[in-house]
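Notes follow the structure.
What follows is calculated from the coordinates using simple rules that are stated; it is not laboratory data. Source: prediction; values computed, not measured. Note: ideal-geometry Cβ built from the backbone for every residue, glycine included; neighbour counts use all protein chains shown.
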Amino acid sequence: MDFEQDAQGHEMVARLLTALPDSPGSPENELPDTTGLSVPSADAAAVVDAARSVAARSGHHEGEALPELVRERLGRDRFSELCLVADALVIGEHPSVHTWSGQERRRATEWVAVLMDLLGEDGVQELIVLLTAQWDDDGKGLGKGPLPHRTG
């Protein structure tokens, strides 16, 4: 068991949980009327492509094999637990998730879990930045152009 990675995972979840309001009923802590990630609508393939791009930018060029490699390294149970976190905190909050098939959702969830394992919260944040950068001029969804490349 890799205690450093385990501690990093617990720290990431703790930071996310502390970001929640202490008392949701108080006016200063009211949640906005909208829910989910502030990213444009997109099909699951666009989310997977963006996640693969983030992984590749960090030096992981295993392509489609990467989720299976991470699953093998972590073990099936730990990877499944990480997928539950990825689904609850990221994929389940995507504005288009209700249009995806179960298989599409599972694939996108696995890729977000890969980013969480390899890059922690930074990987998820980079994914969100990349998805948000794809908003078209009308703010209605992903553009058709290539994904932007990270500079520096």
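At-a-glance table
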read-out: Per-residue Cβ neighbour rank within 10 angstrom, fewest leading, D77, D122; value: D77, D122
read-out: Translational D in µm²/s for segment 41-139 (Stokes-Einstein at 20 °C, 1.002 mPa s, Kirkwood Rh from C-alpha pairs); value: 160 µm²/s
read-out: Packing-based exposure ordering (other Cβ within 10 Å, fewest first) of T99, T109; value: T99, T109
read-out: Modelled FRET efficiency - R0 22 Å, E72 with T132, Cβ distances, 0.05 increments; value: 0.10
read-out: Segment 41-139 - charge dipole about Cα centre, Lys and Arg +1 at Cβ, Asp and Glu -1, debye rounded to 20; value: 360 debye
read-out: Approximate spin-label separation A88-D43, in nm, with each point projected 7 Å along Cα-to-Cβ; value: 3.1 nm
read-out: H98, H60 arranged by Cβ crowding within 10 Å, fewest neighbours leading; value: H98, H60
